[in-house]
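The structure appears below as structure tokens.
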Amino acid sequence: MGTDNSNLPILVVEDNPIDLELTLRAFNRKKLTNPIQVARDGEEALRFVEKWEQGEQTPVVILLDLSMPKVNGLEVLEKIKSHPEFKTIPVVILTTSSESNDLQRAYQLGANSYIVKPVDFEKFLEVAEVIELYWRVINKPA
């Protein structure tokens, strides 16, 4: 199997409290052992970059919403993917937007994956399981 990344944090960048709760419940239900870090807007997400620059552990993956106050997800994505040290952190866009412009722009900026959030909790569990399987077992980190 792959490298065990279960001790590395997952950063969830989500401003909607209901979507955040859904994400955390799905990870809990799947018994995900990674520590979960939360940024509730884009500005807070960018503060994590400063913490990483000061030596704090970088996440195994970032789950990033696009539509957020202060700084939107595309701006956060651009900042992370243009950073010489952190551009290799996998970023999964997890958003309600199925707009082709958002999709294209996210990939142009370096997103590793783009997932439209399912409304149904059981479907969301499936998404959480796929994310966990891919980033913890299948993917080979740098």
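Observations, loosely collected:
- Nearby lysines by direct alpha-carbon distance to Lys30 (threshold 25 angstrom, same-chain neighbours under 8 apart not counted): Lys117, Lys123, Lys140
- Entry note, the chain: the mean residue ellipticity at 222 nm calculated from DSSP H runs of n ≥ 4, each adding -39500 (n - 2.57), is -12000 deg cm²/dmol after division by the residues and rounding to the nearest 500.
- Shape of segment 27-87, Cα gyration tensor, a/c cut at 1.5: oblate
- Peptides 82-89, 17-24, 106-113 ranked from most to least packed, by the mean per-residue count of other Cβ atoms within 10 Å: 106-113, 17-24, 82-89.
- Burial ordering of Thr96, Thr58, fewest other beta-carbon atoms within 10 Å first: Thr96, Thr58
- Segment 15-57-segment 60-88 distance, computed between alpha-carbon centres (Å): 12
- Of all lysines in the structure, those lying under 18 Å Cα to Cα from Lys51, and not within fewer than 8 positions of it along the same chain, are Lys79, Lys81, Lys87.
- When only the Cβ of Lys, Arg, Asp and Glu is charged (+1, +1, -1, -1), the dipole of segment 10-137 relative to its Cα centre reaches about 320 debye.
- The chain shape via C-alpha gyration tensor axes, a/c threshold 1.5: rounded
None of the figures in this text is laboratory data; all of them are computed from the coordinates on show. The structure presented is a predicted model; accordingly, all values stated were derived computationally and were not measured. When we count neighbours, we look across all protein chains shown, and the Cβ atoms used for this are built from the backbone with ideal geometry, even at glycine.
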